[in-house]
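Presented below is the structure to which this report refers.
FYI, it's all coordinate maths here, none of it is from the lab. Because the structure is a prediction, the values reported are computed rather than measured. Cβ placement follows ideal geometry from the backbone for every residue including glycine, while neighbour counts extend to all protein chains displayed.
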Amino acid sequence: MSSFQPLPETTGPPVCPRHPDRLSYVRCQRCGRPVCPECQRQAPVGVQCVDCVAEAARSARPTQTVLGGRVHDGRPVVTITIIALCVVSFVLQLAVPGWTSRWAFSPAAGQVEPYRFLTTAFLHSTSIFHILFNMYALWIVGPFLENALGRARYIALYLICAVAGSVGVLLFASPVTDAWFTGAVGASGAVFGLFGAVLVVLRRLGRSAQSFLMIIGLNLVIGFVVPGIAWQAHVGGLVVGAGLGAVYAYAPPARRREVSIVATVVAAVLVVGLALLKYAGV
């Protein structure tokens, strides 16, 4: 049964809740409260107050890519951060004596100081072309993967592939040769890991990967032909990046998060396990 109820009497003209000193005859279409011009936000119909707009933004589901990555507005902050770290480290290599030898990886040093498996990926040779090439390659593929996979999986992919590059150097080195004590530096292992991942991701999205295939093939050939290049790191990063990228790309949407977490842990354990087996057999 319906009945009429008297409205409460107002004690004065309507004012904005955020600015009580301002008369506000316009009301929010969502909550009905008075809203002054400063607090008005244009809505499909009428205006809304800033509080209702903020509440709607908090409750809205984040936009995702086809592969489940959360879409972020603005610059690829993870890729830019990695490049910045490499550039800063390169400057320190030139300015601080012993900086390179303190963080560089060699199979002998890695056995005593395992952190070198990762830190060496932020070092480069004193040739400017080494860091320029790696950072250019990272800028080509990094932002795309960062957006497609999301920042969390992108970071995991990069770091695991960086370690995998060092493990590749370790697996092909013999303790009775100079290679066991020779340092290997560069982000090439991580970059080749991104190359491997982008091939799979592009295939999953139905896009051509021919240009990346040419770049990867050319650099693999250069690594085998030109002396002084750690092709082992390229191979290690490429294999792990392609494998982990495939899981990220083809994981069932309903269980994408769980599958990605398990795959990341398995990849990390596999990479570390191969290093431990190699050292155990020395």
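In percent, how large is the relative contact order of region 15-60, given Cα pairs closer than 8 Å and 6 or more residues apart? Mind showing how you got there, number by number?
On the way: 65 pairs, mean separation 12.9, N = 46.
RCO, region 15-60: 28 percent.
Pop the C-beta distance of R102 and R203 into the FRET formula with R0 = 30 Å and round what comes out to the nearest 0.05.
Computed FRET efficiency for R102 and R203 comes out at 0.15.
So between L218 and R75, what do we pick up on full extension, going 0.36 nm a residue minus the alpha carbon distance?
48.5 nm
Would you compute, from DSSP H runs of 4+ residues alone, the mean residue ellipticity of the chain at 222 nm, taking -39500 (n - 2.57) per run and dividing by the full residue count, rounded to the nearest 500?
-19000 deg cm²/dmol
Please get the size of the charge dipole for region 15-60, origin at its Cα centre, with Cβ charges of +1 on Lys and Arg and -1 on Asp and Glu, quoted in debye to the nearest 20.
Using only the charged Cβ atoms, the result is roughly 80 debye.
Figure the gain on full extension for R41 and V272 (residue separation times 0.36 nm, minus the Cα-Cα span) and round it to one decimal in nm.
77.8 nm
Expressed as a rounded percentage, what relative contact order does the chain have, with Cα pairs under 8 Å and six or more residues apart?
16
Do you know the relative contact order of region 177-282, to the nearest whole percent, from alpha carbon pairs under 8 angstrom that are 6+ apart?
Contact order relative to length: 33 percent.
Taking the 0 to 90 degree range and rounding to the nearest ten, how far is the long axis of helix 77-95 tilted relative to the main principal axis of the chain, both from C-alpha atoms?
On a 0 to 90 degree scale, this one is about 40.
For the pair Q64/Q29, report the inter-label distance in nm, with labels modelled 7 Å from Cα in the Cβ direction.
3.0
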